[in-house]
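The values are calculated or read from the model by the stated rules, or taken from the named source; none is laboratory data. In this text the structure is predicted, and so the values were computed from the model without any measurement. Neighbour counts run over all protein chains shown; Cβ positions are idealised from the backbone, glycine included. These accessible areas exclude ligands, DNA and RNA; they are computed on the full protein's heavy atoms, side chains included. Shrake-Rupley method; radii C 1.70, N 1.55, O 1.52, S 1.80 Å.
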Amino acid sequence: MLLEELRHSLRSFRRAPGLTAISVLTVALGVGAGTALFSVVKAVLLNPLPYPEAGRLVRVAEMIRRGTDNQVSYPDFDDWRRQNHSFTSMAAYEAGPLNAGGGDSPQRVDVASVSEDFFDLMGVRPIMGRTFTNSEQTSGKLDTVVLGYGLWQRVYGGDRGIIGRTILLSGVAAKVIGIMPAQFAFPDRTELWTALADRTNGRTAHNYRVVARLRPEVTLERARADISAIARRIKQQYPNPFQSGDASTVSLYSYIVGQVRPALLMLFAAVGFLLLIVCVNVANLLLVRVAARARELAVRTALGARRWHLMRQMLAESLVLALAGGALGLMVASWSMDLLRILLPPEVPRAADIRIDAGVVAFALAISAAAGILFGALPAWRASRLNVNEALRSGSRSYTAGKHSHRTQAALVVSEVALSLVLLAGAGLLAQSFWKLRAVNPGFQPDHVLTASISFPVLGPDASLIPKYRELVRQVRAIPGVQSAGTIKDLPLDRFQPDGNFQIENRREVRDADAGYEIVTPGYLEALRIPLLRGRAFTSADSERAAPAVIISAELARVYFPGSDPIGQRIWFNSFDDPNQPRWLTIVGIADDVRQAGLTARLRPQAYVCYTQVTHTGQLRDGTLVVRTPLDPASLAAAVRSSVQAVDRGAAVNFRTMDAVMRDAVARQRFQMQVLAAFALLALVLAAIGLYGVLSYAVSSERVEIGIRMALGAQPGEVFRMVTGRALLMASVGGVLGLAGCLAVRGLLAALLFGVGAADPATLAAATALLLVVAFAASSLPARRATRLDPATALREE
């Protein structure tokens, strides 16, 4: 029976190749878009973390007075580890780039320095070799490393003899003791692990991140209360106005995916709207097909076919269409994987796991089958309710559907327009938000700027990197085409900004002052054209022996020096200096504000200190060279690389233009806008097709009525307005319902918008107007066809 129904379905499709092709392509586009996005959602949000009992892994952080998370000082971590009653183990780590290899082509790789129990806590074992012993963990030396699988394959060719061999790590010989599994890269994108050697004892040095594993019987809420109680005790014992006396404890899963989860869920909800539009569109096409097959279905009924048999046959045909479209959609999704990876913002975690796997294929088949049942249910019911006598008396292979059928099709078009408006308005809001974000003044001029992230090899405890920075900047400034050059510790917009609390001399009432802390060389402000509002910039006179100086941002001056002149006053960053030996920095200049922590982050106070006057050599190990040129910035890369190699052959360097940094800063918003805009465009096309199909069928089925109107004197213009007016009426009703839908989902969109409200009247009005224009355009062709109808021919048919 099933095979017979399938064969009958295929014969039916061969008799209507155009409708079949349109239906399959419509389903393919919807399923393809949904499957591609589901592959991202599955990899990032649905797949469990690749660690044993990953649900028990949590991330613990200190809370600062602004109510935000902060990294942890090592003494506080040690207290948490010893005093808690909630975790089987806790581990601290710090992450950042280091140089692997040496000579002419050192590799700049992401490295994590980890404390005791880290690998046991994560539940991973090396595929070769071992992890760190207790003596290696506490030696304070960088002499053993564990390689990530990707680094082992890419740089060392998967050589199994690498275990026991020595490699250069930031200029220091280190023995390879193990290789991690391919799926392990925690923290994200880490390719090499070392023992945590630098364990700063100051409680104001918040340098570490903390991960822990819950005891089996302990809930997250109980652990959160436990750690918060310890944090309050630490606050009482070691008063620090910068700390809130609280701690943040969240699941590791939430910490990893928290930032991208709202955007992905919103886009996946948009997929649901798109699939509903697809179902409505195909249902309308199949309703037309039912009318065209009315005589065939009536004959089958007269020969004894029962209503259930007709419904089953129609549903079988719908399922065949849906599965054919689903298979094609799966191919579309597979072809789009490379494009999807290009569009994805760099901050999306676990992006390497995005692929078309068995789960994604099952999803594609499931939504295809569900769509087939959904868009086939109404046509199947309509086929079972045909008036057999009227269909047989029609004398042809089709008959004119009644007003009830027209109302049903109109209702479907109205719902399609409403859903399309929700997507169109959402895309418009995201586009407006994106352009407002692009218009934000970052505080610098990014055009014609080349940046080079540099990592110098680790030096001895008494060695200094200051001469190397001085020589590097001198050589780069001598390159033809360079207008200005300087370095900064952390590039603006890279979303990481070291900050610390500071004291103001003779201002004891200011107890919770904090600001971003950036190390720069003379020339940095000029290279990025950050305006100096007052005072002076750093010069070569700000040497190691000169009085310590600092340049502050306008925001820092507004917040902490209201109504007074900050120039000449002194501050002390006790977060970065020895708390027992105050080192007062004299404010020598005020620079304009820079969006250091990102375009969407709130403006925060900022301080710049000169590289010659930092107290710890390790703070200079990594930096970013900023070079301004009137030429194409990329054309200077080779010359800059030569300068870096001339200063230190063991230094690794990575290049980006500042324009690329700006693009990366808005990559997430661009991705959201592009995906939703593509969905909205597809929805708009489907809505236009739906309107065109319904009106074409209406003109065909009402040709006698139109002929009578024209015979009685109706002018072509009146007929044109009658048809287009019907389209605009359906579009208007759908628009009203769609606006209500926009208001219903505004809470979902609000968290993703910048500088525009989720119910922005101008955007909603523009989206509605666009839909009405499309509706008019879609109805114009059927309307023109109606105006060319011959009244005599129509009356003869009657």
* Tabulated pairs, segment 535-548, first more than 17 Å from THR487 (Cα to Cα), second small (Gly, Ala, Ser), C-beta under 8 angstrom, 6+ apart or interchain -> GLY535/GLY589; ARG536/GLY589
* Asked: Of the conditions (1) modelled with pLDDT of 90 or more; (2) open to solvent by less than 20 Å² (accessible area, probe 1.4 Å), ALA639 fails just one. Which one is it?
  -> (2)
* Can you tell me how many residues in segment 329-351 are in contact (Cβ under 8 Å) with a residue 60 or more places away in the chain, in a helix (DSSP H, G or I) and farther than 17 Å from ALA370 by Cβ? -> 6
* **Candidate set from segment 29-75 (those that are basic (Lys, Arg) and over 30 Å from VAL360 (Cα atoms)); member that is surrounded by the most Cβ atoms within 10 Å (Cβ to Cβ)** => ARG65
* Asked: Looking at PRO548, is it within 25 Å of VAL661 (Cβ to Cβ) and either open to solvent by less than 50 Å² (accessible area, probe 1.4 Å) or touching a helix residue (DSSP H, G or I) at 6+ places or on another chain (Cβ under 6 Å) (or both)?
  -> no
* Across segment 113-128, which residue is surrounded by the most Cβ atoms within 10 Å (Cβ to Cβ) among those that are in contact with a helix residue (DSSP H, G or I) (Cβ under 9 Å, 6 or more places away or on another chain) and more than 22 Å from ARG215 (Cβ to Cβ)? -> PRO126
* Checklist (1) at negative phi; (2) modelled with pLDDT under 90; (3) open to solvent by 10 Å² or more (accessible area, probe 1.4 Å); (4) of a type outside the set (Lys, Arg) applied to THR131, failing item -> (2)
* Structure fact -> In segment 163-176, anything free of Cβ contacts under 8 Å to residues at least 60 places away in the same chain and either within 33 Å of the chain's Cα centre (by Cα) or buried (at least 18 other Cβ atoms within 10 Å of the Cβ) (or both) is listed as ALA174, VAL176
* The listed residue being at pLDDT below 80, farther than 30 Å from LEU169 by Cα and in contact with a helix residue (DSSP H, G or I) (Cβ under 8 Å, 6 or more places away or on another chain), out of ALA711, ALA727, ALA677 -> ALA711
* To do: Go through segment 655-736 and tell me which helices (runs of 4 or more DSSP H), entirely inside it, have 3 or more residues that are under 20 Å from ALA766 (Cα atoms).
  => 667-701
* **Output for segment 717-751, where each listed residue is within 23 Å of PHE671 (Cα to Cα) and buried (at least 21 other Cβ atoms within 10 Å of the Cβ)** => CYS742, LEU749
* To do: Exactly one condition in (1) of a type outside the set (Gly, Ala, Ser); (2) open to solvent by 40 Å² or more (accessible area, probe 1.4 Å); (3) closer than 25 Å to LEU286 by Cβ is not met by PHE655; state its number.
  => (3)
* To do: Take the residues in segment 226-258 that are assigned to a loop (DSSP other than H, G, I, E, B) and surrounded by 15 or more Cβ atoms within 10 Å (Cβ to Cβ), then tell me which one is modelled with the highest pLDDT.
  => ASN240
* Asked: Quick one: ALA634 ticks every box in (1) in contact with a strand residue (DSSP E or B) (Cβ under 7 Å, 6 or more places away or on another chain); (2) of a type outside the set (S, T, N, Q); (3) open to solvent by 40 Å² or more (accessible area, probe 1.4 Å); (4) not in a helix (DSSP H, G or I) bar one, so which box is it?
  -> (4)
